[in-house]
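Inspection log for the structure reproduced underneath, given as structure tokens.
The values are calculated or read from the model by the stated rules, or taken from the named source; none is laboratory data. On a predicted model such as this, the values are computed, not experimentally measured, just so you know. Cβ placement follows ideal geometry from the backbone for every residue including glycine, while neighbour counts extend to all protein chains displayed.
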């Protein structure tokens, strides 16, 4: 028997009560039963997004939401600025190019956050940039980009939309859609929202809605104006992913019960304990600044393959963390503390890591990093 | 207490053992555990589709699959032929137009099937038509289009792809992808496949794959060449909808156990019993020819609103069937016999309908139509 623990940055574990709720018989999405369910989901998402604007619910992965954020608000030839500091920043560039946008890219070294001044400079140079695209939490590097400061910079340009991929960032970080002026923000079900994969969420500001009227990208499945119309009537444009939306209401209820501030603090606390444990092990964080509260990326020690650490964690200890993606493959491993995660998930992760690293010949004093975690998390709960 | 019965043409009921299987803890889609799961799903779909070609698994509703069938194999300006005999035929036209294709449309009166000669005539007139789009089962009218004969006609044109929306048709009808020469066929999880909404499936012939190399429609989320590459390696291009794919293996196992021929016969038998029961009630089928084995559309009796019948069935008897869509709204109601459906689902539906119609003032001899169902289904099981 090997008991399994999931500590990957998505899909994340789903609380058992949510899994069971989704196992209830299917409800029809066009029948009246579904209206209060959909209404509750919309309201809950507005609460989580800290917004009064629409948050659309789509049946796709988060990437589908990213595509919709491009093909609904921009047109071929539009000049846009993408911030590429990892695999998902790269994805912004790819999507914008796929739709014929003219892409300016700020290449940020992996492990670093974009500086708001870089965006300011780019905007000053080309004030006709129609949109700025960034990740809140860049899952591939474990870096959090300073969404608030970036929003402030972009907000000075009346004709520029600020688009945030918060797929792994939402729930882990305090992201204030309305207060900061985020025009479009994407999230996914299988991250902080503690659900199986299958739903994307997208908030859209008034400014972005106006832009949608003029967009000339071809679209049909991700057609946000049509979705808005339908969703305001508590329907989706196409078949609703009913089970997932019912599950969403359950996870939103759990988050509401905990309270938004407490949710953010929990993620900050667990992330901090994870980072301190890595330091106690003598390991280097891959994020050289502004680490994400969703996932901690850690450099593999000299001479040990990051993928090997991932593999031993999984195969010998039943702990599914993550390896590196793209050019970080082999160099790092990643431990998520996102969604349905608490003290002993971190204890398990760090304990498994101590044993894994020692087994791989890295000098570890067993229990030392776990003690750091206990110290930090004990302090917080007393 | 009002016990609920779902007899709508999607989402359809999910077998309890499948719901519980999907309630198991989340598996990570990039971890080795997932490889045999994905492999099994691919193989099972090939079996169901009766094909040796790739059947892609997408995280979207069926409509997402339809969009992918347009934007991967065609280019703006391509001449295509859509067969529009209902709400979903209309959708083919809409999607093709959204991507800038030049659409020729055969408008088929609702309730009728397209005649293969109509397609032949259109093709002869414009042999440069690059694709023909049809529904197998047109859910809005309850009509089955003769896919086999249409495939034969289109198959004569080397440069024309035959694209079939089998979203409600697959499982209910014997659809032979390879034998008949269907180039692209779309299905969805929440129909005959007895799963919650969230997955689309698309088979792609070698001829269609060649076309994909030349297509100039912008795309990113539904990029089939990239999906093919990934899925041949037992991954999806973006996050896999792991729970649904695990559920898919369960429902495929159920279908395999029953046997493909038996599955089709069950649907034919239940559909026939439903139709005969409607006749016994003195009701007219909306499908004037070639009725679908997935759903039976029935004309509301003179003076009774079809939506009212739908409403009473639901609210007084707990039976969720369907009303009419688009221009058939108010004129018809629809009873599905699709997926996880057996004898007593039809008995319940017909019994509820007898009581509903009598309550609405329509002359009904209670039990008479139920007797017809019993007669027909009893004969079959003895």
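None of A:228, A:211 is surrounded by fewer than 20 Cβ atoms within 10 Å (Cβ to Cβ), out of contact with any helix residue (DSSP H, G or I) (no Cβ under 7 Å at 6 or more places or on another chain) and touching a residue at least 40 places away in the same chain (Cβ under 8 Å) except A:228. Of all residues in region B:87-98, those that are within 11 Å of chain A (Cβ to nearest Cβ) and closer than 19 Å to residue B:77 by Cα have Cβ atoms under 6 Å from Cβ atoms of residues that are at pLDDT 95 or above and part of a helix (DSSP H, G or I), 6 or more apart or on another chain, in B:95/B:66; B:95/B:67; B:95/B:70; B:96/B:70.
Across region B:280-293, a minimum of one residue is classified as assigned to a helix (DSSP H, G or I) and either surrounded by fewer than 18 Cβ atoms within 10 Å (Cβ to Cβ) or out of contact with any strand residue (DSSP E or B) (no Cβ under 8 Å at 6 or more places or on another chain) (or both).
In summary, residue B:230 fulfils each of the numbered conditions (1) part of a loop (DSSP other than H, G, I, E, B); (2) within 14 Å of another protein chain (Cβ to nearest Cβ) with the single exception of condition (1).
The helices (runs of 4 or more DSSP H) found entirely in region B:1-74 that carry 3 or more residues being facing chain A (nearest Cβ under 7 Å) and within 27 Å of residue A:319 (Cα to Cα) are B:16-22. A single member of B:376, B:285, B:281 is closer than 18 Å to residue B:172 by Cβ and more than 23 Å from the chain's Cα centre (by Cα), and it is B:376.
Residues in region A:75-110 that are closer than 16 Å to residue B:220 by Cα, touching a strand residue (DSSP E or B) at 6+ places or on another chain (Cβ under 6 Å) and surrounded by 22 or more Cβ atoms within 10 Å (Cβ to Cβ): A:88, A:89, A:92, A:96, A:101.
With respect to being part of a helix (DSSP H, G or I) and farther than 21 Å from residue B:64 by Cβ, residue A:256 fits the description. Out of B:208, B:187, I need the residue that is under 19 Å from residue B:131 (Cβ atoms) and assigned to a helix (DSSP H, G or I). Which one? Sole residue among the options that is under 19 Å from residue B:131 (Cβ atoms) and assigned to a helix (DSSP H, G or I): B:208. Taking the listed residues B:181, B:198, B:247, the one that is without any contact (Cβ under 8 Å) to a residue 40 or more places away in the chain and either surrounded by fewer than 22 Cβ atoms within 10 Å (Cβ to Cβ) or within 13 Å of chain A (Cβ to nearest Cβ) (or both) is B:181, with no other qualifying.
In the set B:358, B:327, B:368, only one residue is touching a helix residue (DSSP H, G or I) at 6+ places or on another chain (Cβ under 6 Å) and surrounded by fewer than 18 Cβ atoms within 10 Å (Cβ to Cβ); that residue is B:368.
Taken residue by residue, region B:262-272 has at least one member that is crowded, with 24+ Cβ neighbours inside 10 Å and assigned by TED's automatic domain parsing to the domain that holds residue B:339.
On the given criteria, is residue B:341 within 21 Å of the chain's Cα centre (by Cα), more than 18 Å from residue B:287 (Cα to Cα) and crowded, with 21+ Cβ neighbours inside 10 Å? Spelling it out, residue B:341 is indeed within 21 Å of the chain's Cα centre (by Cα), more than 18 Å from residue B:287 (Cα to Cα) and crowded, with 21+ Cβ neighbours inside 10 Å.
Residues in region B:28-37 that are in contact (Cβ under 8 Å) with a residue 24 or more places away in the chain and in contact with a strand residue (DSSP E or B) (Cβ under 8 Å, 6 or more places away or on another chain): B:28, B:30.
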